[in-house]
1. For region C:220-228, does any single residue satisfy the condition of being assigned to a helix (DSSP H, G or I) and surrounded by 20 or more Cβ atoms within 10 Å (Cβ to Cβ)?
2. Kindly list the number of the only condition in (1) closer than 24 Å to A:PRO171 by Cα; (2) touching a Gly at 6+ places or on another chain (Cβ under 8 Å) that fails for A:LYS26.
3. In region A:25-56, how many are under 15 Å from A:PHE91 (Cβ atoms) and away from ligand 2 (no atom under 14 Å from the Cβ)?
4. Determine whether C:VAL99 is within 14 Å of chain B (Cβ to nearest Cβ), of a type in the set (A, V, I, L, M, F, W, C), crowded, with 16+ Cβ neighbours inside 10 Å and within 30 Å of C:MET45 (Cα to Cα).
5. Return the residues of region A:189-213 that are away from ligand 2 (no atom under 16 Å from the Cβ), without any contact (Cβ under 8 Å) to a residue 40 or more places away in the chain and open to solvent by 30 Å² or more (accessible area, probe 1.4 Å); say none if nothing qualifies.
6. Go through the residues of region B:88-102 one by one and say whether even a single one is in a helix (DSSP H, G or I) and without any contact (Cβ under 8 Å) to a residue 24 or more places away in the chain.
7. From A:ASP2, A:ASP27, grab the single residue that is assigned to a loop (DSSP other than H, G, I, E, B) and either modelled with pLDDT under 95 or away from ligand 1 (no atom under 15 Å from the Cβ) (or both).
8. For region A:104-134, how many residues meet the condition of being farther than 20 Å from B:VAL132 by Cβ, aliphatic (A, V, I, L, M) and free of Cβ contacts under 8 Å to residues at least 40 places away in the same chain?
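The values are calculated or read from the model by the stated rules, or taken from the named source; none is laboratory data. Remember, it's a predicted structure, so these values are computed and weren't measured experimentally. Every residue, glycine among them, receives a Cβ derived from its backbone with ideal geometry; neighbour counts consider all protein chains shown. Each accessible area value is taken on the protein alone, full model and side chains, heavy atoms only, with ligands, DNA and RNA left out. Shrake-Rupley method; radii C 1.70, N 1.55, O 1.52, S 1.80 Å.
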Amino acid sequence: MDQPAGSPLVVLEGVNKSFGPLHVLKDIDLQVGRGEVLVVIGPSGSGKSTMCRCINRLETVDSGRVLVDGQELPREGKALARLRADIGMVFQSFNLFAHMSVLDNVTLGPIKVRGVAKAEARERGRALLTRVGIGDKADAMPAQLSGGQQQRAAIARALAMQPKLMLFDEPTSALDPEYISEVLDVMRGLAEEGMTMVVVTHEMGFARSAGNRVAFMDGGRIVEVAPPEQFFNAPESPRARDFLGKILTH
Amino acid sequence: MGLSTITDNLDVYVEGFVGTVTLTALGAAGALALGTALAAMRVSPVATLRAGGLLYVETLRNCPLPVLVVLMAFGLPKLGETFLWSFFAYGAVAIALYHAAFVCEAVRSGIGSVSTGQGEAARSLGLPFGQVLRLVVLPQAFRTVIPPLGNVLIALTKNTSVVALIDVTDITNNTELIINDTVDPIFAVLGSACAYLLLTLPMGLLVGRLEKRAAFAR
Amino acid sequence: MRLRTAAALAALALTLTACGGGDEQGDLGSGTPDTKPTFEAGTTMARIQSAGVLKVGTKFDQPLYGEKQLSGDVEGFDVNVAKILADELGVQPEFTEAVSKNREPFIQNGTVDIVVATYTINDKRKQVIDFAGPYYVTGQSIMVKKDDSAITDKAGLAGKRVCSVEGSTPAERIKTEVPTAKLTTFDTYGKCAEALKNGQTDAVTTDEAILLGLVSKSPEDFQVVGEPFSEEPYGIGLKKGDQPFRDFLNDTLEKAYEDGRWEKALKDTVGTVQDQLPSPPPVDRYTAAG
Ligand SMILES: Nc1ncnc2c1ncn2[C@@H]1O[C@H](COP(=O)(O)OP(=O)(O)OP(=O)(O)O)[C@@H](O)[C@H]1O
Ligand SMILES: [Mg+2]
């Protein structure tokens, strides 16, 4: 594994996680450097989402440690909430707050968590929405937006917190094909600006072009971590070869 | 005897009606506040809070209200001067405590109807548990909670009649006075039924209205 | 709680026939408790006999008069009186709890045949039901805490918190005779006693007989003060207009007065806490009002 220079932003050490009898994460060791874009791929049920959710503690770990910016995430309570504020999360199903306008979705965190003045939060929120290309939808309700627009709004909501790290859990999997690229474009832009990102995706094109490294998971383990060129052209493990073979025939 | 049993005692009914309205208002306010807090306990990430909420709900829900009222009215004073209240206070508090358990379950089921993703998104923003509930989950739960809450409220209104057991002025207690005075239980009770309907029917309509309003407000 | 309509109608029909007959039951007085007496068909007595039980409404929470024991049996003077009446009919008594406010409806609906439940005879009640008896006379009195010397008589209740049972004669009397008293009425005397213990009321007032029963339960907490200030004749409630049945009940009472059964019934119950027992009051065969 080649390590990026400087202290890593995210460190997973010996992480194990089970859902009842199901051992979902097995001895996960992983580091994500500052400004790095790590793409996580692997077959369905391999534990990608779970690992992603462990990083901001939407899932608790059974053993091992998760550190973000050198700090271990506390179990619960206010301290955990504070650290979570620095980690943006984008979900497959968008999860925009259904009872609020798009702009209110984007300003809620800054106002309530960061204590930003309302007017300022709204101004910055509008700017962010413009940046992701839906400035005109600020006052719409989430249900009035297309999937692509909703996901871009969700990204804007996460960005509004000015996070150190962004987690994406299959952000385009629930989208109709015509909307996928507009979301990936926003993510690419973020990567170019130097945002640290962990992206779980099946979009191999994105992994190749925007990823610094690719982590391949199977059966709850990280089987292989490599730069995209190396991973896609000459995967080391037979399981990765098998997986790529299946994907690329589709 | 007959209709005059009702018409001759209108003032007694009115006095009882005021009592029932007051008890209903106080009981409902208390039950809503405590019940929502209990629901928050029952979905909180802290195991002891969850257990406490469950214990409360199961105990109160399975204790007949008349038992609770009499137990409080005659049991609490034994704990000392601080607990020597008026019978009205025992009645109102017992009604609030009892129905809080039902409010809790209604609110909790409402919370369950909001997709978990909503809460996860809110937590990811760094909102603490209380704000996740208050700003994101409860406002969306509100819509599904209105019908069951309405039922709890109407049940509460009718259940206020237990205070007659401890001689608190309400429709039922005053109806008993009228029965004793007129020895005409049938019409006296018909009168009290009208008095309760006067209260619960508008409530039902109001709940229906709120339900419609909430349905559109999305 | 409510009797099925059919049964109520049947009872009503029987009562009507009985009234229509209007016969004297002449051969009754000479009947002995051992031989099963016979009654004219259509009378309430005949109906009860064929049913095999006398349904009696009585208090279940009234020490010395009608109190349900942990064993499930109901015991007390009222219960004993009801047993005498059932014996005379050659049937078993079956006891149903009648709280003060239920007594008239129970009789009117036919839920019970008779009510023997510290039931004071008064004119208002006579408008809806009839009374046999009286079989016992007591008077209203006052019970206070053992350590209370402030209240010694009725006048002392002025401005005080007083507890009694709703729908009872003593409660009504306090309302008219001591209007400044703050009256609380519960459905049972047990609650009044508890309230007195807790300091939620200053006094409990009702028939002395009942108060003595309460004192017998906790002699270290309560005391009865002053002289009785009323006459409370206890009667046996029955359906209004059932003259043959009322005559039968009155005849039976008089018989029990004479053969010592009444005295024994009283001695075994009230006699355990009161030394001087009253003599039986003459029954009042009043002419029923419309
Ligand atoms: N909350 C849960 N309770 C029980 N089992 C769970 C839970 N969440 C996930 N699992 C199980 O854990 C395993 C890993 O799930 P995970 O969602 O991490 O996989 P994934 O790699 O993201 O798959 P996909 O590509 O289908 O999203 C799966 O077998 C899944 O069924
Ligand atoms: Mg997944």
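1. So the first thing to find is which residues in region C:220-228 are assigned to a helix (DSSP H, G or I), and the list is none.
For region C:220-228, residues assigned to a helix (DSSP H, G or I) and surrounded by 20 or more Cβ atoms within 10 Å (Cβ to Cβ): absent.
2. (1)
3. Number of matching residues: 1.
4. Working: within 14 Å of chain B (Cβ to nearest Cβ): yes; of a type in the set (A, V, I, L, M, F, W, C): yes; crowded, with 16+ Cβ neighbours inside 10 Å: yes; within 30 Å of C:MET45 (Cα to Cα): yes.
Here the answer is yes, as C:VAL99 does meet what is asked.
5. A:GLU192, A:GLU193, A:GLY205, A:ARG208, A:SER209
6. If we filter region B:88-102 for residues that are in a helix (DSSP H, G or I), which is where we start, we get B:88-102.
Now narrow it down to the ones that are without any contact (Cβ under 8 Å) to a residue 24 or more places away in the chain: B:89.
Yes, there is a match, as at least one residue in region B:88-102 is in a helix (DSSP H, G or I) and without any contact (Cβ under 8 Å) to a residue 24 or more places away in the chain.
7. On the way: A:ASP27 fails: assigned to a loop (DSSP other than H, G, I, E, B).
Residue meeting the stated conditions: A:ASP2.
8. 6
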